[in-house]
Amino acid sequence: MALIYRCQLELHDSLYYATREIGRLYETEPVIHNYALCYALGLVDSPVYATTVAEDKSYRYFCAEQVPNYQEHLTPLNAQGIYITPGRVIHYGAVLNTWKYANPNYHVEMEKTQKNIPSFGRTKEIAPESQFEFFAISHKPLTLPKWIRLGKWMSKAEVTMEPLATPQRVEGEFTYPYPLNPLDTMFTHRVISYDVINMSPVSLIRNVRIQGQYYQLSDRKPFLIPAQMQYQFQGS
């Protein structure tokens, strides 16, 4: 039997990550990838997923190499029966910041150059007090941290959890309006139509017309959420 939690995330700092780059403007899309949520919620570096002390690595404050290991980090959650959906925005504001940097060289020779090296840029960030919603699906009772940090600036955010009524498992064609990770659903469902959210490392989809098994929540009609979602990766 699956347990479903409605989780709400409220920002206490501005949130920044470069969803798209438009010249010198680095823009943050108001959606949170489910990979990022798993890291921020501490589901990746928890000792419960390490078989030995040597494998218990923490990526919360320091990462020795800038190489993503999503498959190695997230696949163990499938065995634990834990799945986190991407975060959709409830309401948000945006802030525009300009950053500058100077050349720190003490000696610069006057040479002709055709290089156009930018000395400033702008970031469009999600403002504090913006709120997001995501769902946690687990086969066992689940407790998530109240305070987390996420994004390039390690922005502080507050998480609240609300357990939902026991879902009924049904099969058929339905519409899911919120963001989904297509890799996590394409092996168990038939995706009919969708809108794309372009972002790294895997583009998300929303307003999805989909066929397969889903959970129907008696206290949130007509809310339906896909069942059997697991972390899947290209080539796995």
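Structural remarks
- In this structure, Asn207 does not qualify as under 30 Å from Ile22 (Cα atoms), surrounded by fewer than 12 Cβ atoms within 10 Å (Cβ to Cβ) and touching a strand residue (DSSP E or B) at 6+ places or on another chain (Cβ under 9 Å).
- Test: residue in region 43-61 that is assigned to a loop (DSSP other than H, G, I, E, B), at pLDDT below 95 and buried (at least 19 other Cβ atoms within 10 Å of the Cβ): yes
- If the condition is being within 19 Å of the chain's Cα centre (by Cα), modelled with pLDDT under 95 and assigned to a loop (DSSP other than H, G, I, E, B), then region 144-176 contributes Gly151, Lys152, Trp153, Met154.
- Flag for Glu125 being at pLDDT 90 or above, in contact with a strand residue (DSSP E or B) (Cβ under 6 Å, 6 or more places away or on another chain), more than 18 Å from Glu27 (Cα to Cα) and not in a loop (DSSP other than H, G, I, E, B): no
- Residues within region 62-87 that are among the aliphatic types (A, V, I, L, M), farther than 22 Å from Thr19 by Cβ and either in a helix (DSSP H, G or I) or modelled with pLDDT of 95 or more (or both), tallied: 3
The values are calculated or read from the model by the stated rules, or taken from the named source; none is laboratory data. Quick caveat: nothing in here was measured; it's all calculated off a predicted structure. Positions of Cβ are generated from backbone atoms using ideal geometry, with glycine treated the same way; all protein chains shown enter the neighbour counts.
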